[in-house]
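What follows is a short report on a single structure.
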Number of protein chains: 2
Amino acid sequence: MLNTVRRSILQKPYKSSLDSICKACFATQLQEPSEPRVVTAVPGPNSLRLKEELNAIQNSSAVQLFVDYTKSVGNYLSDADGNVFLDIYSQISSIPLGYNHPALLKAASDPSNLATFVNRAALGILPPKDFADKLKTALLSIAPKGLTEVQTMACGSCSVENALKAACFWYQNRERKGAAPSAEDLQSCLNNMTPGAPKLSILSFKGGFHGRTFGALSCTHSKAIHKLDVPAFDWPIATYPVYKYPLNENAAENDKTDQKCLREVQELIDEFGRRGVPVAGLIIEPIQGEGGDNHGSAKFFQGLRKICTKNGVAFIVDEVQTGGGPTGRMWAHEHFNLDESPDIVTFSKKLQIGGFYYKNPFRPDQPYRIFNTWLGDASKLIFLEQVVKVMREQNLIENIAKTGDYMLKGLESLQNKYPNILLRARGKGTFCAIDFHTPELRDKAVKVLHKNGIHCGGSGAATLRVRTTLTFNNTHVDIFLKKFELSLKELN
Amino acid sequence: MLNTVRRSILQKPYKSSLDSICKACFATQLQEPSEPRVVTAVPGPNSLRLKEELNAIQNSSAVQLFVDYTKSVGNYLSDADGNVFLDIYSQISSIPLGYNHPALLKAASDPSNLATFVNRAALGILPPKDFADKLKTALLSIAPKGLTEVQTMACGSCSVENALKAACFWYQNRERKGAAPSAEDLQSCLNNMTPGAPKLSILSFKGGFHGRTFGALSCTHSKAIHKLDVPAFDWPIATYPVYKYPLNENAAENDKTDQKCLREVQELIDEFGRRGVPVAGLIIEPIQGEGGDNHGSAKFFQGLRKICTKNGVAFIVDEVQTGGGPTGRMWAHEHFNLDESPDIVTFSKKLQIGGFYYKNPFRPDQPYRIFNTWLGDASKLIFLEQVVKVMREQNLIENIAKTGDYMLKGLESLQNKYPNILLRARGKGTFCAIDFHTPELRDKAVKVLHKNGIHCGGSGAATLRVRTTLTFNNTHVDIFLKKFELSLKELN
């Protein structure tokens, strides 16, 4: 195809003419609806038909709705049947600013970004010339305190897998006292054998969720259906504290729970050390998102940090679901006032791209140890750069902290009004949850809420989890609470 | 942000006005250069400076060049120093049509695609309403014969991880004779214990590469640096046949190699069965891409297929690097004339999106068993749809078969002329390779080729691997061979 006529909109004179056109196009106004509108059963006939069609290609039984993303706006999701839902689930917490946000539409239609979209770079060997700049403005500018380096990945699972590897590299380098690996190390690892492929373990927590690939799945313990039939590493699993609510009335008992859980962590580290499978890293969610919205206390996390430091274990905080603002801080672990930062923090979802931040000692010492073809996707950094800019300009994280307080008060009030249905309202920012007395009741509530125009999802056995965008505000909260109460009345 | 003025370029009247503008913009002609042009040392001063800057953020030692993707065209890669290389590596074989292909630029700037780019869907629960259509036109239309279903994923590693899981599900469902899992299965798997997390194994091959996450890495055996310090499953590893070249002069010996390797596979399946870690699946590349371009024969693969069927082992062909046309067939395993199709075929790279095709018995029986938040990225299907269209319209795969024949003849001719440097020229399509007598010589050759304007990469210990786009033609081959000979003279 050499010398094929190749037409491009990348060139400067054309870029500027396109710019003026885009400005013209942006003149229309597409507004968020003022409330949900459900015009069919949920799912509607079109969603049901499309689900059957998809089921001929793959198991489509998890599909809830088919979505018209062109018509979805802000915090409102439009489906294939013309139904419009207030979305408090935001694609499993992965939409930062709402649907079709103007800043993202503009970035996606900016001709100067086109080359990044159509030429996906192998970022580890041939990064675009603005790669370091983009990492700085999009990722380092929001890095957790004390974590100075960052590695991109394509999704949450790969972020966790590679974070676990970074912990193992760090642990073994220390064991070798910085010496080069031996010939035996290099040969044995090729055959999956010790000493090169060492017997190390990662400590994780009951109810935790870190992904569904083999390494991440060995750290995941939230639901059997995720793990059934998959071989797993025999790694230590500790108890995540589950508190009595309201917290202020149960402080002494919850404090005992923390102490018990911390003792168990130390005991497991000791036990696996004795077994010859030492713990290289500990991975934990600041709030267990999939496992039922369990919130560990600041004291508990401060204790974990101390145990990790004392035992030479990497402290990995998995912020795939909590990172990027929904808890009212950029990173949920900021709520814990840790004396010393985590060693590694993973991210994905709201950040558009996966990856992990780390402290310098966790930098791999050689190339190709943390590597794959794409290492994420530079086009997602274009979006993240805009997300960060809008977050700052509009104080979205501070706002979400306030909106979250307002929401939690509303949930507590409903819980007091419907104590036979609801309990344990809890949350940070709009990362809120409330439990139902039985799983059946929760499942029914989710359906009734859908019918009443609220798109939402569950977590754990009997929890409703709220996962909003960062542009969710008190007016949205009012609508949600109104529809929630309507649904509770139907359940009663 | 409710009732915020939201401006959109998604709406119909504006779409049509944008269309006419884009047509105007596409009028310019951006042509592929007629040859490489190197104006600085490689890497040049800008690449070196940017590499140092990136090294403050992450280990940048694998970076070869910083690229100006806006200026890269077709099979030519432009770097940050104004150097222009003929690219025979194509981002580790992941660019299908060349840089800034008009069909992809057009798709990326089509306003009707914008919503897919800016609103990344959780494809497993809220797919866009055209999702089944896109899967059909982009993925099912090029499915390997006999594989009727497809699951998308974000990258090659996740594709492999989930393919291995699908094999384990299938194996255990058969063990349970279709009965539901027991309460003990469900409880034990949460703790990584048998019987729910069973002792199953996956058989892989020496020199194989399947990715760098924990499951995929346990099947990878190409280079120690990928595996060092990472805990691995003790799974069986068989010998991949490595033949004597030229093939036609060594047929009898190579046939013996095949028979020996097949016997070893059966022995390992028997051994791991006896050990109580039965083999649920066998994973293999049709051509070992990273491990040094080892080509298994059609007979070998036919033998493997028979062994898998006989032993009830899932036959997984990993086409992440070979799939999508570069071998002169859509799927490299088509070269093997198998009586029965593989059970699972993984893909990524040239297909823009990861995933795997599978036969219906490998469909997970319940939702959430093969699942994650994004399950790939619907925007990549927009590009793949265009790639498939262009492939068909321009007979790219047939062309690449012919171009590959022409290239291989040229490599053989150079090998005959420089027998003290080169040996074992081999290839299918433009998926070609040639060995050097020593690793040092190969490493030096890669550098000299870079200096002479050919962007290329190695594989295995002493191999140069050729991984072109599908638009590579005989004129490109001529330039490559001319520059290759020039480089060989410098090495001599």
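The values are calculated or read from the model by the stated rules, or taken from the named source; none is laboratory data. The shown structure was predicted, so the numbers you read here are calculated from the model rather than taken from an experiment. Don't worry about glycine lacking a Cβ; one is built from the backbone with ideal geometry, like all the others, and counts go over all protein chains shown.
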Quiz item: Restricted to the range B:47-75, and to residues that are more than 7 Å from chain A (Cβ to nearest Cβ) and either among the polar types (S, T, N, Q) or assigned to a helix (DSSP H, G or I) (or both), which residue is farthest from A:Pro367 (Cα to Cα)?
Solution: B:Asn75
Quiz item: Tell me, which residue of the range B:205-229 that is among the β-branched types (Val, Ile, Thr) and at the interface with chain A (Cβ under 7 Å from one of its Cβ atoms) is nearest to the chain's Cα centre (by Cα)?
Solution: B:Thr213
Quiz prompt | Of the criteria (1) part of a loop (DSSP other than H, G, I, E, B); (2) surrounded by fewer than 23 Cβ atoms within 10 Å (Cβ to Cβ), which one A:Gly325 fails | solution = (2)
Quiz prompt | Among (1) in a loop (DSSP other than H, G, I, E, B); (2) more than 7 Å from every other protein chain (Cβ to nearest Cβ) - the single one B:Asn192 does not satisfy | solution = (2)
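Yes/no matrix, rows are residues, columns are (1) assigned to a helix (DSSP H, G or I); (2) within 13 Å of chain B (Cβ to nearest Cβ); (3) touching a residue at least 60 places away in the same chain (Cβ under 8 Å); (4) under 27 Å from A:Gly178 (Cα atoms):
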residue: A:Met330; (1), (2), (3), (4): no, no, yes, no
residue: A:Ser341; (1), (2), (3), (4): no, no, yes, yes
residue: A:Asp365; (1), (2), (3), (4): no, yes, yes, yes
residue: A:Ile370; (1), (2), (3), (4): no, yes, yes, yes
Quiz item: How many residues are more than 12 Å from B:Leu203 (Cα to Cα) and exposed (fewer than 14 other Cβ atoms within 10 Å of the Cβ) when one looks only at the range B:264-295?
Solution: 3
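Can you tell me which residues in the range B:230-251 are at the interface with another protein chain (Cβ under 9 Å from one of its Cβ atoms) and among the aromatic types (Phe, Trp, Tyr)?
B:Phe233, B:Trp235
Of the residues A:Leu488, A:Leu470, which is farther than 23 Å from A:His226 by Cα and not in a helix (DSSP H, G or I)?
On the way: A:Leu488 fails: not in a helix (DSSP H, G or I).
One residue alone meets the criteria, A:Leu470.
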Quiz item: In the set A:Ala132, A:Ala121, A:Ala138, which member is in a helix (DSSP H, G or I), touching a residue at least 40 places away in the same chain (Cβ under 8 Å) and among the hydrophobic types (A, V, I, L, M, F, W, C)?
Solution: A:Ala138
Quiz item: In the range B:343-361, what residues are in a helix (DSSP H, G or I), over 16 Å from A:Ser60 (Cβ atoms) and within 11 Å of chain A (Cβ to nearest Cβ)?
Solution: B:Lys349, B:Lys350
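Residues that are within 20 Å of A:Leu228 (Cα to Cα), without any contact (Cβ under 8 Å) to a residue 40 or more places away in the chain and of a type in the set (Gly, Ala, Ser): does the range B:266-280 have at least one?
Kept after step one, since they are within 20 Å of A:Leu228 (Cα to Cα), are these residues of the range B:266-280: B:276-280.
From what's left, without any contact (Cβ under 8 Å) to a residue 40 or more places away in the chain: none.
No, there is no match, as no residue in the range B:266-280 is within 20 Å of A:Leu228 (Cα to Cα), without any contact (Cβ under 8 Å) to a residue 40 or more places away in the chain and of a type in the set (Gly, Ala, Ser).
Among what's in the range A:402-433 and is among the hydroxyl-bearing types (Ser, Thr, Tyr) and surrounded by fewer than 19 Cβ atoms within 10 Å (Cβ to Cβ), pick the residue that is nearest to A:Leu470 (Cα to Cα).
Going through the range A:402-433, the residues among the hydroxyl-bearing types (Ser, Thr, Tyr) turn out to be A:403, A:406, A:413, A:418, A:430.
Checking which are surrounded by fewer than 19 Cβ atoms within 10 Å (Cβ to Cβ) leaves us with A:406, A:413, A:418.
Working: A:Tyr406: 14, A:Ser413: 23, A:Tyr418: 29 Å.
Applying the filter and picking the extreme gives A:Tyr406.
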Exercise. Starting from residues that are more than 7 Å from chain B (Cβ to nearest Cβ) and over 24 Å from the mean Cα position of the chain (by Cα), keep the ones in the range A:112-126 and report whichever is surrounded by the fewest Cβ atoms within 10 Å (Cβ to Cβ).
Key: A:Ser112
Practice problem: Quick one: count up the residues across the range B:380-401 that are facing another protein chain (nearest Cβ under 8 Å) and crowded, with 23+ Cβ neighbours inside 10 Å. | Solution: 1
Exercise. Working carefully through the options B:Gln91, B:Gln151, find the one that is within 7 Å of another protein chain (Cβ to nearest Cβ), within 17 Å of B:Ile382 (Cα to Cα) and at pLDDT 95 or above.
Key: B:Gln151
Quiz item: What is the number of the single condition among (1) within 12 Å of chain A (Cβ to nearest Cβ); (2) in a loop (DSSP other than H, G, I, E, B) that B:Pro419 does not meet?
Solution: (1)
Quiz item: Which condition number in (1) more than 19 Å from A:Leu77 (Cβ to Cβ); (2) over 23 Å from the mean Cα position of the chain (by Cα); (3) surrounded by fewer than 21 Cβ atoms within 10 Å (Cβ to Cβ) is the one that B:Ser109 fails?
Solution: (3)
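Among what's in the range A:161-178 and is modelled with pLDDT of 95 or more and not in a helix (DSSP H, G or I), pick the residue that is surrounded by the fewest Cβ atoms within 10 Å (Cβ to Cβ).
Here is the first cut: in the range A:161-178, the residues modelled with pLDDT of 95 or more are A:161-177.
Subsequent filtering for residues that are not in a helix (DSSP H, G or I) retains A:176-177.
Working: A:Arg176: 14, A:Lys177: 6.
So the residue we want is A:Lys177.
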Quiz item: Which one of these does B:Lys129 not meet: (1) within 27 Å of A:Gly355 (Cβ to Cβ); (2) within 7 Å of chain A (Cβ to nearest Cβ); (3) basic (Lys, Arg)?
Solution: (1)
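Here is a yes/no grid of residues against (1) among the hydroxyl-bearing types (Ser, Thr, Tyr); (2) in contact (Cβ under 8 Å) with a residue 12 or more places away in the chain; (3) within 30 Å of A:His335 (Cβ to Cβ):
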site	(1), (2), (3)
A:His101	no, yes, yes
A:Leu104	no, yes, yes
A:Asn113	no, yes, no
A:Lys177	no, no, no
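Restricting to the range B:106-118, what's the tally of residues that are touching a Pro at 6+ places or on another chain (Cβ under 9 Å) and assigned to a helix (DSSP H, G or I)?
Restricting attention to the range B:106-118, the residues satisfying the condition of being touching a Pro at 6+ places or on another chain (Cβ under 9 Å) are B:109, B:115-116.
Remaining after also requiring assigned to a helix (DSSP H, G or I): B:115-116.
Matching residues across the range B:106-118 total 2.
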